[in-house]
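Taking it in order: structure first as structure tokens, then the write-up.
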Amino acid sequence: MALKKISEGAEADIYGVDFFGIKSILKYRRPKPYLIKEIEEPLRSARTRSEARILARASSITKAPRLLFVSKYGIIMEKINGINASEKKGLGLNGASEAGDILSKLHAANIVHGDFTKANLIFSNSDSSLYVIDFGLSYNSNSAEDLSFDLLLFKRSVTRPEYAKFEISYSRGFKRSKEVFQKLSEIEKRGRYQNRSLDTAE
Amino acid sequence: MAVLGIESSAHTFGVGISENGKILANSKRMYNITASGMIPSRVAEFHASNAKGVIEEAMASAGIGFSEISAISYTKGPGLGPCLRIGQLAALTLAERLNVPVYPVNHAVGHIKITEHLSGIKDPLAVYVSGGNSQILGAVDKPFRHYNVYGETLDIGVGNMLDNYARAAKLNPAWGSTVAKVAENGSYVGMPYTVKGMDFTFTGLLTNAIKMLESNPVKDVSYSIQETAFSMIAEAAERAMLLTRNNGIILCGGVAQSKRLQEILRAMSLSHGSKFFVAPNEYNADNGAMIAYVGELMHKGGKRVKESELTIMQRYRVDEVDLSWH
């Protein structure tokens with residue numbers, strides 16, 4: 001298996017690998033040399049396990065990379081070749097609508113993505129549809145508050161028209177959407193998020 | 001020409017004097033916190049009876065006369081209302097007598113700016129940790145120049161959490177620094193670890209630690225709560241650092257005095273080849289010098305202050321402050 005480092009994320013390194021003929025990604029959680037072993041080892045392995053589990057479920061219900069292999073600190077998954085929505089071309093209205101569809105399916109399955117921004121959405125070259133990646137911060141929850149944080153983050157990363165399109169398809173796909181929108185507006189009214197919402201997004 | 005700054009947001013009444021970014025004086029007196037904690041009105045009384053003395057002390061140690069003071073600044077907030085009020089009144093009175101302008105300063109901006117200044121790092125990522133606050137911030141220009149909060153505690157500040165724990169563990173005095181002392185020979189017992197992206201929460205950790213005191217040695221629980229809390233802050237800071245591609249970190253605020261927190265953040269920075277800076281303790285604890293320094297920046301930057309802005313604000317968010325005077 002030939003390894004080639006593609007990028008360095010906040011806590012993991014991403015390598016391109018050939019996994020039995022499938023073009024894949026290896027996501028390896030780096031050691032954190034500044035933390036004591038008793039904290040960092042359980043943290044890394046628990047996060048790896050949890051991410052793998054959620055990725056497997058996510059890819060069975062919506063457009064997300066397929067899980068191929070899991071080790072203690074590493075995950076091998078299908079590589080989505082395409083254009084990242086945070087690049088120049090942007091997400092666009094159709095993309096925003098697809099994003100709403102993706103998130104509605106994750107939320108209906110009680111999956112909070114945890115980092116649902118443009119940077120984690122890719123237009124695939126192979127079937128030209130939108131894929132969601134990086135479940136590194138994902139967790140299971142059905143609380144409207146937890147779910148609303150995905151919307152908050154997404155809202156901050158896109159334009160107003162894109163967000164409006166997103167809202168339409170999200171509410172079509174998720175029957176508790178009203179509850180989540182309600183929570184979102186509550187959260188936005190809390191002091192500490194006022195200056196961190198839409199207007200400060202680029 | 002120098003600027004005199006007054007800090008009185010909590011238990012410290014401090015007066016600093018800054019001239020061309022040089023700190024000429026940093027005098028302070030601290031209200032003695034007993035086991036009962038801080039009663040705002042008592043602290044305010046303490047400040048009121050010490051204000052004159054600390055101002056004179058600062059002037060004497062700077063070795064200048066009042067005729068050389070060109071502006072006054074004071075802490076507008078955040079902080080305890082009655083305490084802030086004393087500093088504000090002292091500033092307004094002094095300014096009127098000297099016939100010089102007054103500048104209201106955000107307490108957090110004071111901590112960050114003075115540390116930035118001493119570090120020599122341009123636009124670093126700031127880890128600001130104190131009793132009531134725990135935030136990771138950096139200066140951004142849109143929609144106006146301000147400190148953007150990349151991540152922060154979603155419930156209580158790390159300092160208050162450690163103080164609360166110290167009280168529950170019957171440590172005396174009930175401060176974070178006592179927790180650090182007790183923790184020295186402790187070993188790790190499992191604790192909940194909650195980082196959500198670049199935000200974190202402390203109440204779960206606190207509740208769990210207090211419960212674990214029933215069946216574990218105090219030194220182990222103290223070590224574990226401290227280690228876990230600081231690790232969470234360091235991890236959030238690491239994420240913010242990598243996402244913003246900022247390769248300079250400064251640590252400031254009262255809890256920045258913690259040797260262990262300094263050690264963890266320094267190691268984190270080094271592991272990415274980044275710069276790390278923490279100021280001497282007199283600037284991490286609440287102090288007047290930082291208020292004087294920011295006052296001087298505002299004065300020189302031609303900041304215009306309306307009379308109606310010369311108030312106090314108990315909840316004065318750092319990201320509301322327009323830094324365009326800088």
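Computed from the coordinates by the stated procedures, all read-outs in this text should not be read as laboratory data. Just so we're clear, the structure is a prediction, and the values are computed from it rather than from any experiment. Positions of Cβ are generated from backbone atoms using ideal geometry, with glycine treated the same way; all protein chains shown enter the neighbour counts.
Does residue B:96 satisfy the criteria of being away from chain A (no Cβ under 13 Å), surrounded by fewer than 17 Cβ atoms within 10 Å (Cβ to Cβ), closer than 30 Å to residue B:297 by Cα and of a type in the set (Asp, Glu)? Steps first, please.
Working: away from chain A (no Cβ under 13 Å): yes; surrounded by fewer than 17 Cβ atoms within 10 Å (Cβ to Cβ): yes; closer than 30 Å to residue B:297 by Cα: yes; of a type in the set (Asp, Glu): yes.
So residue B:96 fits the description; yes.
Of the conditions (1) surrounded by fewer than 21 Cβ atoms within 10 Å (Cβ to Cβ); (2) over 18 Å from the mean Cα position of the chain (by Cα); (3) not basic (Lys, Arg), residue B:59 clears all except one; give me its number.
The failed condition is (1).
From the set of residues in segment A:31-52 that are acidic (Asp, Glu) and more than 9 Å from chain B (Cβ to nearest Cβ), which is surrounded by the fewest Cβ atoms within 10 Å (Cβ to Cβ)?
We begin by selecting, within segment A:31-52, every residue acidic (Asp, Glu); these are A:38, A:40-41, A:51.
Those still in the list that are more than 9 Å from chain B (Cβ to nearest Cβ) too: A:41, A:51.
Values: A:41: 15, A:51: 24.
Selected residue: A:41.
Only one of these is more than 18 Å from residue A:162 (Cβ to Cβ) and either within 14 Å of chain B (Cβ to nearest Cβ) or over 16 Å from the mean Cα position of the chain (by Cα) (or both): A:26, A:55, A:106. Name it. Before the answer, list the steps.
Details: A:55 fails: either within 14 Å of chain B (Cβ to nearest Cβ) or over 16 Å from the mean Cα position of the chain (by Cα) (or both); A:106 fails: either within 14 Å of chain B (Cβ to nearest Cβ) or over 16 Å from the mean Cα position of the chain (by Cα) (or both).
Just a single option satisfies the conditions, and that option is A:26.
Here is a list of conditions, (1) basic (Lys, Arg); (2) within 12 Å of another protein chain (Cβ to nearest Cβ); (3) within 19 Å of the chain's Cα centre (by Cα), and residue A:79 meets all of them except one; can you say which number that is?
Exception for residue A:79: condition (2).
Conditions (1) within 14 Å of chain A (Cβ to nearest Cβ); (2) in contact with a Lys or Arg (Cβ under 8 Å, 6 or more places away or on another chain), marked per residue:
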position	(1), (2)
B:134	yes, no
B:154	yes, yes
B:157	yes, no
B:160	no, no
B:164	no, no
B:168	no, no
B:178	no, no
B:192	yes, no
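Kindly provide the set of residues from segment B:136-145 that are more than 8 Å from every other protein chain (Cβ to nearest Cβ) and not aromatic (Phe, Trp, Tyr), ordered by number. Full working, then the answer.
The first filter runs over segment B:136-145 and keeps only residues more than 8 Å from every other protein chain (Cβ to nearest Cβ), leaving B:136-139, B:141, B:144-145.
Hits for segment B:136-145 are B:136, B:137, B:138, B:139, B:141, B:145.
Mind checking which residues of segment A:1-23 are surrounded by 15 or more Cβ atoms within 10 Å (Cβ to Cβ), under 17 Å from the mean Cα position of the chain (by Cα) and either on the phi > 0 side of the Ramachandran plot or assigned to a strand (DSSP E or B) (or both)?
Of everything in segment A:1-23, those that are surrounded by 15 or more Cβ atoms within 10 Å (Cβ to Cβ), under 17 Å from the mean Cα position of the chain (by Cα) and either on the phi > 0 side of the Ramachandran plot or assigned to a strand (DSSP E or B) (or both) turn out to be A:12, A:13, A:14.
Return the residues of segment A:54-80 that are crowded, with 17+ Cβ neighbours inside 10 Å and in a loop (DSSP other than H, G, I, E, B); say none if nothing qualifies.
Residues satisfying the conditions are A:62, A:63, A:64, A:65, A:73, A:79, A:80.
Say we look at segment B:245-276 and pick out the residues that are within 11 Å of another protein chain (Cβ to nearest Cβ) and polar (S, T, N, Q); which of these is surrounded by the fewest Cβ atoms within 10 Å (Cβ to Cβ)?
B:271
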